[in-house]
Structure formats: structure tokens, C-alpha cells
Amino acid sequence: MAPVDADLNLLLALRVLLEEANVTRAGERIGVGQSTMSAALARLRTLFQDELLVRVGRDYELTPLAHQILPQVQLTLPLVAQALGQDEGFETETTRRTFRIHASDYAAVELRPLFARAEAAAPGIRFDFLRVPPDPIEAARDLLANDFVVLPPGVGIDVESIDLFRDDYVIIADRDNPGIVDGEVSLEAFLESPHIRCDFGRGQLTQVERRMQELDVRPPVRVTTSTLLSVPLIVAGTDLMGVVPRRLVERNAAVTGTVAVPTPFPLVQLTLRLWWHPAHTHDPAHTWLRELAARCVDEGLLSA
């Protein structure tokens, strides 16, 4: 193996070690054994005169220097490989790529047409869904180590993105909820009813929650959950109300007996956007999935 190949392989090992923060997973990702990856980590520690990964309990954490190095490696490695004519390329028929995506359970369900299209074209790919980062700062940092985050605009993320689909917020309630009269709920009844809220984290207020704060509409929260898909099941047969995307109610109405009711304040739309860090821009697999998502949007596959 030529020295330049060895150096490039070590740079690749550096990237996956820092992205995975785990020797075993890093080795699995690029198809080498744990002993080989451990040896690469030892060489990198000597080269940088830094531990890079330190064990905390059963897990590893990046050192401060490793946090500084990671975005630079992610940005430069694809460019270096391309310049040397060693770009790994991307073949849909043979790839084993895993895409790691931060998204709510609701978003993951609504993006099924994209994932179905992707799996049909590249049967060896995998999708790992991760929780939505509880803070925008964490979301921006996590995008370095993962592929995408699906969130609405206005949450403090400032990277590249494309719009995926739109929905609007409605009240979800059991069809026999006494606060629902002729398919509507008054603001008074809304504020008097016990509420359920999906909590995504301290920094992740939804678009409708921000609007309700602006209007000083503060219903009494009696139940908190961390998953949107659980809301219809919890609301069913109770006097609870919640404010959720319309599609969530419509897809579960027949099973749960819940209904979608217009909000007693001006309509609030939900826009979900696919965000990624610029360090991934030149990654062939990443580019392929972004372009596939854009085609799904153009063809209207995500709008229904």
C-alpha cells in the first residue's frame, strides 16, 4: 500500500472513530475488525498527542481536541479523496450505508414514501432514527456526527436545508369530549379542559406553542409525553385535549375514536425541513439521499 493510501485510510479511521465515539461501531462501519480499529486509534493518539476518545462509564466521549478536529475532518476528507482520485463513490446496488436521522416519530411516519423509495433503489441501506435533540445547540453539534435532523424552521439551526412537507395544527380530542360542540371548541372550553403536551426538550417549542405563548393562551397541562404517536391513544376515552399536526389525528381516528377540531385561535401551519451540516455536502451517499428527498417533494409524495 502506498504511503498516501495509508495516510488517507488513517484519516478515514479518525473520522469514523470520532463520529461513532465507539471503536467497535467504527470498525463495523468501514468493515474492519476491532483490533485493527484499536490499532488505528493508538496511532492517532500518538500522532495528535491526545486521547481523542476517553471512556466514561460504558461509553466513550470525545476530548476537547477531538471536538475541534471532527468538523475539519468531515469537511476535508471527501475533498482530499476526490483530489487524489480515491473518492469511495456510491453504488446504490451494493451500498451498506446507514443514515442516522434525528426526527420525531410523527415525522418518521410521514416520511415513509421517501424511505420506501430509497430502500427500493438501495436495498442494503439502513435508517437509524434518533430522538430530536432537546436543544438547538445540541442539534447543530449532532449534525456533525449524524446525517440529518428533521425540524421546523425557527429553532436556531443555521445550516443547509430543504422543505419536506407542510401540515397544520388542530385540536385532538375524543369524539365524545363535552368541550366539542358542533365540531368546534371555544377558547373558553379549550382553556378549561385538561391538556396533553408532547415535550421535545427545553429548547424545542413547536410552532404552535410559540404562537400560543404570543397570544397568552396557556391551557392547563395534565399529561406530558415524549412521543407524538402516543397522543391519540392517550386522549382516547378521556376529556384531554392536545394541539397536534392534523395528519396525526386523521391517520389514527378510526382506531382511537379521536377527532380533529379547528383551533380556537388563528390557524398555525407546521413546516418540517430536512437539515444537514455543510461537512456532508460532498458525501456521495448523502447527496444521493438529499436529491431523492427533493424529488419526492417535487413529485408530491410527501404532501398527502
(request) Determine if the stretch 66-80 includes at least one residue that is modelled with pLDDT of 85 or more, over 20 Å from residue 133 (Cβ atoms) and surrounded by 15 or more Cβ atoms within 10 Å (Cβ to Cβ). (result) yes
(request) Say whether the condition of being open to solvent by 50 Å² or more (accessible area, probe 1.4 Å), closer than 26 Å to residue 145 by Cα and in contact (Cβ under 8 Å) with a residue 12 or more places away in the chain is met by at least one residue in the stretch 260-273. (result) yes
(message) I need the full set of residues from the stretch 98-125 which are buried (at least 19 other Cβ atoms within 10 Å of the Cβ) and of a type outside the set (Phe, Trp, Tyr), in order please.
(response) 101, 102, 103, 104, 107, 110, 111, 114, 118, 122
(message) For the stretch 189-230, give me each residue that is crowded, with 19+ Cβ neighbours inside 10 Å, in contact with a helix residue (DSSP H, G or I) (Cβ under 7 Å, 6 or more places away or on another chain) and of a type in the set (A, V, I, L, M).
(response) 196, 228
(request) Mind listing whichever residues of the stretch 259-304 are under 20 Å from the mean Cα position of the chain (by Cα), hydrophobic (A, V, I, L, M, F, W, C) and not in a strand (DSSP E or B)? (result) 279, 285, 288, 289, 292, 293, 294, 296, 297, 301, 302
(request) Looking at (1) of a type in the set (Val, Ile, Thr); (2) part of a loop (DSSP other than H, G, I, E, B); (3) open to solvent by less than 20 Å² (accessible area, probe 1.4 Å), find the lone condition where residue 238 falls short. (result) (3)
(request) Output yes when any residue across the stretch 242-252 is in contact (Cβ under 8 Å) with a residue 60 or more places away in the chain and more than 23 Å from residue 297 (Cα to Cα), and no when none is. (result) yes
(message) Here is a list: 144, 164, 114. Which entry is hydrophobic (A, V, I, L, M, F, W, C), assigned to a helix (DSSP H, G or I) and at pLDDT 95 or above?
(response) 114
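The values are calculated or read from the model by the stated rules, or taken from the named source; none is laboratory data. Just so it is clear, the structure is predicted and the values come from calculations on it, not from any experiment. Glycine also receives a Cβ, built like all others from the backbone with ideal geometry; neighbour counts cover every protein chain displayed. In case anyone asks, the SASA skips ligands and DNA or RNA and just uses the protein heavy atoms, side chains included. Shrake-Rupley method; radii C 1.70, N 1.55, O 1.52, S 1.80 Å.
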